[in-house]
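Asker: I'd like to ask you about the structure that follows.
The values are calculated or read from the model by the stated rules, or taken from the named source; none is laboratory data. Keep in mind the model is a prediction, meaning the values are calculated, not measured. Here the Cβ is made from the backbone with ideal geometry for all residues, glycine too, and neighbour counts use every protein chain on show. To get the accessible areas, we keep the full protein, side chains included, count just its heavy atoms, and leave off ligands, DNA and RNA. Shrake-Rupley method; radii C 1.70, N 1.55, O 1.52, S 1.80 Å.
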Amino acid sequence: MSDQLTPLRSNGSAPDRPSYGPAPSNLADILERVLDKGIVIAGDIKVNLLDIELLTVKIRLLVVSVDKAIELGIDWWRSDPMLSTSAADHELADENEQLRARVRELESESESERARR
Amino acid sequence: MSPTARYVFAVARSLRAEDLADTVGFHDVPLDVVSHRGLSAVVCDVELAEFGEEALTKNLEDLAWLEWAARTHDGVVWRVAGLATCAPLRLVTVCSDDDSVRAKVDALHGDLEAVLDRVEGRKEWSLKVLAPAPVEREPVPAPSGASSGADYLRRKREAAGRRRELGEQALQAAEVLHRVASEHAVASRRLAPQDPRLTGRPEPMVLNGAYLVEADQHESFRAAVAAAAELRDDVSIELEGPWPPYSFAVLS
């Protein structure tokens, strides 16, 4: 269980825990197991799985410091559609930087060109 | 107490109900076993006020509730998998009563038997391969006479090249380790790498593999993967198991 999740458990209905079971594992592993895997049997209570998938996306956003992760350059892998958006943003920023540098370069070139004349 | 329904955790074979006597489901409600044609559905009572359609729509949006439900579900599955051959169900499978549970087991009987055949005597291992945490991005040089745009672009290119090289090495390590793990397993699956925002680790995950391993092969599986990982100091690994065979409990 990662520490950063603790504040998110703050609503009063705080979960009782079973006294047996697996060694504590992180929420990512648990959610992957119980939401993405396992046998799907349509119960009598209709739960839209799409809603659940949306929820996991929301959790990803909720959980921690998105900005930290992007800053660290996670988007470099682009293995995750959630991340590719930020990857695209980053690329755009990179491209902007490069274009600015290129403009500076051209400006200094034409400057020295003029100086020679 | 509001009207209740039956929450189904897993379907098992050769499960003795009395072995679950000390195990509880949600809110410490005792577990029950619904038996049908040789299969046992592990269930517990839940209130519709909490697990009904309307309530679930709301509760699943509550991270604390979801985490509690997920951990409780997972805990029961682990317990059952420790006692018998077990096919875990996806979270929040809720039936109105035992007859409905039986009807569903009946309808899927052949498929469930096939899943249980596949996982019998086997457990799942998880192998995650993590690339090194990305290096700091190059600081943008302050404009000065000594630093031309061309220099700047060259440095950017070199930094990008180094990042790419590290990434390619890590991906290659992932391939090697996945191959070694698969060779020591009866089945394997590659899952989507987990988001660093959810794992809380900055290292990008380049492999999230699941491996179904025979009961008497756990030690050799672990040793083989650990030995292969020793040779790759360009990545770190997380090797966990044995787990209930979640990734291989899929209806075909």
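Asker: Quick test for you: out of B:D74, B:D45, B:D19, pick the one residue that is in the same structural domain as B:L112 (by TED's automatic domain parsing), part of a strand (DSSP E or B) and charged (D, E, K, R).
Answerer: After ruling out the rest, the residue left standing is B:D45.
Asker: On the given criteria, is B:R37 within 17 Å of B:A10 (Cβ to Cβ), of a type outside the set (V, I, T), under 17 Å from the mean Cα position of the chain (by Cα) and open to solvent by 10 Å² or more (accessible area, probe 1.4 Å)?
Answerer: no
Asker: Follow-up. Would you mind finding the one in B:F26, B:F9 that is of a type in the set (F, W, Y), touching an Asp or Glu at 6+ places or on another chain (Cβ under 9 Å) and modelled with pLDDT of 95 or more?
Answerer: B:F26
Asker: Look at the range A:13-55 and say how many of its residues are facing chain B (nearest Cβ under 7 Å), modelled with pLDDT of 55 or more and not in a helix (DSSP H, G or I).
Answerer: Adding up the residues that qualify gives 11.
Asker: A follow-up question, please. Scan the range B:214-225 residue by residue and report those that are among the hydrophobic types (A, V, I, L, M, F, W, C) and at pLDDT 95 or above.
Answerer: Hits for the range B:214-225 are B:F221, B:A223, B:A224, B:V225.
Asker: Of all residues being assigned to a strand (DSSP E or B) and more than 9 Å from chain A (Cβ to nearest Cβ) in the range B:235-252, which is nearest to B:V80 (Cα to Cα)? Just the residue, please.
Answerer: Only one residue tops the list, namely B:P242.
Asker: Here's another thing I want to ask about it. Considering the range B:3-17 alone, what residues qualify as being open to solvent by 50 Å² or more (accessible area, probe 1.4 Å) and either more than 15 Å from B:A81 (Cα to Cα) or in contact with a helix residue (DSSP H, G or I) (Cβ under 6 Å, 6 or more places away or on another chain) (or both)?
Answerer: B:P3, B:T4
Asker: Is there a residue in the range B:58-75 that is farther than 17 Å from A:K37 by Cα, hydrophobic (A, V, I, L, M, F, W, C) and more than 9 Å from chain A (Cβ to nearest Cβ)?
Answerer: No, because not a single residue in the range B:58-75 is farther than 17 Å from A:K37 by Cα, hydrophobic (A, V, I, L, M, F, W, C) and more than 9 Å from chain A (Cβ to nearest Cβ).
Asker: Only residues that are within 7 Å of chain A (Cβ to nearest Cβ) and either surrounded by fewer than 22 Cβ atoms within 10 Å (Cβ to Cβ) or of a type outside the set (D, E, K, R) (or both): list them for the range B:83-103, please.
Answerer: Step one: list which residues in the range B:83-103 are within 7 Å of chain A (Cβ to nearest Cβ), which gives B:87-96, B:100.
Within the range B:83-103, B:A87, B:P88, B:L89, B:L91, B:V92, B:T93, B:V94, B:C95, B:S96, B:S100 qualify.
Asker: Could you check, for the range B:201-223, whether at least one of its residues is of a type outside the set (S, T, N, Q), more than 14 Å from chain A (Cβ to nearest Cβ), over 23 Å from B:A81 (Cα atoms) and open to solvent by 20 Å² or more (accessible area, probe 1.4 Å)?
Answerer: First pass over the range B:201-223, keeping only residues of a type outside the set (S, T, N, Q): B:201-207, B:209-216, B:218-219, B:221-223.
From what's left, more than 14 Å from chain A (Cβ to nearest Cβ): B:213-216, B:218-219, B:221-223.
From what's left, over 23 Å from B:A81 (Cα atoms): B:223.
Of the ones still in play, those that are also open to solvent by 20 Å² or more (accessible area, probe 1.4 Å) are B:223.
Within the range B:201-223, one or more residues are of a type outside the set (S, T, N, Q), more than 14 Å from chain A (Cβ to nearest Cβ), over 23 Å from B:A81 (Cα atoms) and open to solvent by 20 Å² or more (accessible area, probe 1.4 Å).
Asker: Restricting to the range B:144-168, give me the number of residues that are open to solvent by 30 Å² or more (accessible area, probe 1.4 Å) and either under 30 Å from A:K37 (Cα atoms) or not assigned by TED's automatic domain parsing to the domain that holds B:R232 (or both).
Answerer: Number of matching residues: 1.
Asker: Just to be sure before I move on: is B:A87 in a helix (DSSP H, G or I) and under 26 Å from B:P242 (Cβ atoms) in the structure I sent?
Answerer: no
Asker: Anything in the range B:176-213 that is at pLDDT below 95, in a helix (DSSP H, G or I) and of a type outside the set (A, V, I, L, M, F, W, C)? List them, or say none.
Answerer: B:P196, B:R197, B:T199
Asker: Please go through the range B:104-127 and give me each residue that is surrounded by fewer than 17 Cβ atoms within 10 Å (Cβ to Cβ), in contact (Cβ under 8 Å) with a residue 12 or more places away in the chain and charged (D, E, K, R), ordered by number.
Answerer: Selection gives B:D106, B:D111, B:E113, B:E120.
Asker: Could you please find all residues in the range B:40-82 being touching a helix residue (DSSP H, G or I) at 6+ places or on another chain (Cβ under 8 Å), closer than 19 Å to B:D97 by Cα and open to solvent by 20 Å² or more (accessible area, probe 1.4 Å)?
Answerer: B:L48, B:A49, B:E50
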